[in-house]
Amino acid sequence: MAAPDQIAAQLLQHLGGADNVAGVEQCMTRMRVTPRDRDRIDEAAVKATDGVLGVVDDETYQVVLGPGAVTRITTAFRALLAEQGTDAEALAARGADIKADQKRRNDTPFKNLIRKVANIFVPLIPALIGAGIVAAVRGLIVNWDAVGAAPDWVAGLIPALTAIGSAFFAYLAIFAGINAAKEFGGTPAIGGAVAAIIVFPGIADVSYALPFVGDITLAPGQGGVIGAIFAAVLASWIERGLRGRVPDAIDILVTPTLALLGSGLATIFAFMPLAGAIATGIGDGAVWLLQVSGVLAGFVLGGLFLPLVMLGLHQALIPIHATLIEQLGFTPLLTILAMAGAGQVGAAIAIWIRLRRNASLRRAIKGALPVGVLGVGEPLIYAVTLPLGRPFLTACLGGAFGGAVAGAFNQFVAPWGATAIGPSGLALLPLLQSDEGQGYAILAYVVGLVVGYVAGFAITMAFGFPKALLAEHGGAADADAPAAVAPAAVAPAAATPGTRLAIAAPAEGRIVSLDDVPDAAFRERTLGDGFAVDPTSGRFASPVAGTITAIFPTGHAFGVTTPEGLEVLVHVGLGTVALDGEGFTVLRAEGDVVAAGDPVVDVDLDAVRDRVPSLVSPVVVLNGAAWAIVERDGDAPVVVAATAAADA
């Protein structure tokens with residue numbers, strides 16, 4: 001037989017080329033191809049290809065290659081697809097599917113509420129960034145002027161920059177109120193009006209006493225954006241409740257007045273004191289946590305941020321960021337979470353190196369890596385690390401180490417963070433600030449990023465590439481090694497001519513002729529002669545005594561070789577490879593020595609039955625040239641007898 005790479009190249013050509021292959025999978029005996037256009041397949045040429053035992057044109061186009069050979073040829077086939085630019089597309093499609101699935105899972109009432117709250121702040125991000133950068137520039141100019149090296153006109157510029165950089169933050173509550181009213185079905189102007197109470201200077205003249213609380217004197221800004229959201233949501237609720245109940249003639253007078261009055265009184269006598277306490281608690285709590293356990297908190301937050309994003313829970317942090325900016329002048333939480341992106345960058349570099357034979361994947365990384373460094377992580381996550389599986393986990397660990405370093409600066413030196421929410425990566429540098437100065441904040445951030453890059457790279461290089469991933473995506477570690485092969489059968493002893501070996505039914509059930517199996521490859525004896533069983537029990541056992549020489553992780557098929565050299569394949573059901581192991585429990589491993597009747601796979605027949613074309617399970621003698629079936633008994637547990645072909 002020709003070399004696997006030669007067979008793979010011929011098959012790729014006969015199947016219509018790389019651009020006609022939307023996907024490829026393998027099972028124990030077949031390479032399953034999903035073609036984009038079946039008319040482009042030259043079936044006669046496929047069947048005539050050296051090593052091809054037959055084809056089955058079903059939901060997928062199945063090329064029957066036999067055990068062992070199918071692994072070698074499919075590996076070479078995938079490598080050719082990767083070289084011709086389809087592997088990265090497949091990974092991107094897989095990432096898009098993951099993203100869509102996460103979106104469906106995140107569509108719950110609780111997460112939708114979180115999303116509504118997040119939507120209050122998302123439209124404000126450009127202004128937050130702009131004002132934050134102006135404030136950072138002002139800080140640099142103040143330092144320049146303080147050392148006496150700045151021209152005289154610089155001193156006059158400082159008050160103007162102060163107003164430009166600080167005004168938006170001073171009235172942030174009003175903008176939050178406007179957007180909250182929009183999200184919760186109220187009039188934006190009323191939401192802004194009730195939120196304006198919080199920042200109105202005259203609120204300082206309001207004082208009162210509450211039972212069990214005592215005297216309360218309000219201060220402008222008390223409660224901040226949290227109080228503004230409470231107030232706007234209540235105003236929207238009152239407004240919606242009055243609409244349709246108040247006569248149209250006086251609706252314009254009554255509804256806004258009652259909505260503003262009711263929510264305004266609640267703001268003054270409830271929301272401002274309550275939200276003020278919450279905001280103060282968030283600020284003090286964050287500072288305390290980072291001072292006491294900054295390293296541990298940073299490790300946990302940096303490592304779990306991207307899984308939180310996938311669960312849709314990260315949006316609950318946006319109001320906390322805004323509150324921290326109001327309380328401290330910066331959010332130390334954002335800079336720690338930004339380290340998650342650094343881990344992804346480091347992992348992507350490791351993938352670039354380790355899978356250097358995969359040209360299409362390297363092109364995808366080349367396009368996604370620069371924006372990843374600048375803080376836009378989705379292309380790397382959903383097109384590279386997450387579809388690959390383990391590299392996503394190692395990237396998260398890289399982010400955890402970066403977060404630990406960022407937390408260590410907070411714990412052992414001084415608090416620091418970002419003056420605005422939105423960017424991450426290197427794009428966050430102009431927005432960093434600390435009471436110790438902007439230079440210290442930039443240093444802490446850069447050191448954390450570098451640790452995240454290095455840790456993500458090192459952990460991914462060490463633990464991110466299992467053999468199956470390297471084989472599927474053209475791993476460089478295998479560049480000088482032969483293509484992956486199925487485990488070799490134990491070297492058989494020479495069978496004495498006339499030796500008779502019984503092959504038992506692998507499961508309880510009705511014995512079925514291969515002629516009645518609803519699969520062309522088995523029905524036509526493409527892989528060899530044998531029988532099938534329609535199981536009534538889900539426990540599948542070895543039909544002969546020997547060594548398990550092949551078993552799929554999905555459990556849908558396994559092969560056993562006897563000491564005499566008889567090779568028997570058991571295929572559990574038809575189309576079961578598509579279940580990806582769901583409903584199957586693998587009890588044995590390749591290399592295990594078993595007796596006839598020893599359990600190998602447990603199957604939940606009830607869970608599997610309605611998801612596959614058939615549960616009829618073929619049992620086939622793979623090396624029929626050496627062993628011929630000479631006796632059958634459809635009623636007895638021993639259903640087939642074989643003899644060495646030299647005596648057949």
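In terms of Cα atoms, the Rg and Dmax of the chain work out to 33.8, 110 Å. Count Lys and Arg as plus one, Asp and Glu as minus one, and take only other residues whose Cβ is under 11 Å from that of His571; the net charge is then 0. Among residues other than Gly191 with Cβ under 14 Å from its Cβ, the summed charge is +1 (Lys and Arg +1, Asp and Glu -1).
Amide H to amide H, with H built 1.01 Å from N, Val21 comes under 5 Å of Arg36, counting only residues 5 or more places away or on other chains. Against the chain, whose longest principal axis comes from its Cα atoms, helix 109-121 is set at around 50 degrees.
The count of lysine pairs in the chain with alpha-carbon distances below 22 Å, taking only pairs 8 or more places apart or on different chains, stands at 7.
Stretching Ala22 away from Val371 to a fully extended chain increases their span by 122.9 nm, per 0.36 nm per residue minus the current alpha-carbon distance.
Here segment 528-554 and segment 39-67 have alpha carbon centers that stand 25 Å from each other. Among 227-239, 524-536, 561-573, sorting by the average number of other beta carbon atoms lying within 10 angstrom of each residue, highest first, gives 227-239, 561-573, 524-536. Once the Cα atoms are used to define both axes, helix 272-311 deviates from the longest principal axis of the chain by about 30 degrees.
Ranking of Met339, Met28, Met461 by neighbouring Cβ atoms within 10 Å, starting from the fewest: Met461, Met28, Met339. For the pair segment 181-206 / segment 266-302, the C-alpha centres are spaced 23 Å from each other. With a Förster radius of 41 Å applied to the C-beta separation of Leu313 and Ser513, the computed FRET efficiency comes to 0.15. Stokes-Einstein diffusion for segment 311-478 at 25 °C, viscosity 0.890 mPa s, with a Kirkwood radius from C-alpha pairs, works out to 152 µm²/s. Here's how it looks for Gln26: its modeled amide H is under 5 Å from those of Arg32, which are all 5 or more places away or on a different chain. Phi angles of segment 70-78 translate, via the Karplus equation with coefficients 6.51, -1.76, 1.60 and θ = phi - 60°, into HN-Hα couplings of 5, 5, 5, 6, 5, 4, 5, 4, 5 Hz per residue; Gly and Pro are given as x. Ordered by the number of other Cβ atoms lying within 10 Å of each residue's own Cβ, fewest first, Asp37, Asp5 fall into the sequence Asp37, Asp5.
With 0.36 nm allotted per residue and the present C-alpha distance subtracted, the Lys47-Asp610 stretch has 199.5 nm of extension available. With a Förster radius of 35 Å applied to the beta-carbon distance between Tyr208 and Gln291, the computed FRET efficiency rounds to 0.50. Scaled to the globular estimate 2.2 N^0.38 Å, the Cα spread of segment 4-84, given as radius of gyration, is 0.93. Cα centroid separation, segment 438-463 to segment 387-430: 8 Å.
Straightening the chain between Leu265 and Ile133 buys 43.9 nm, computed as 0.36 nm per residue apart minus the Cα-Cα spacing. When you count the other C-beta atoms within 10 angstrom of each residue and take the mean per peptide, 445-456, 581-592, 209-220 line up highest first as 445-456, 581-592, 209-220. Among Arg523, Arg32, Arg245, the ranking by other beta carbons within 10 Å of each residue's beta carbon, starting with the fewest, stands as Arg245, Arg523, Arg32.
With a 10 Å radius around each residue's Cβ, average the other Cβ atoms per peptide and rank 140-152, 267-279, 377-389, highest first.
377-389, 267-279, 140-152
Against the longest alpha carbon principal axis of the chain, how many degrees, from 0 to 90 and to the nearest 10, is the axis of helix 359-373 turned? Tilt of helix 359-373: around 10 degrees.
Every number in this text was worked out from the coordinates using simple rules, so none of it is lab data. Owing to the predicted nature of the structure, the values given are computational and were not obtained by experimental measurement. Virtual Cβ from ideal backbone geometry, glycine too; neighbours counted across all protein chains shown.
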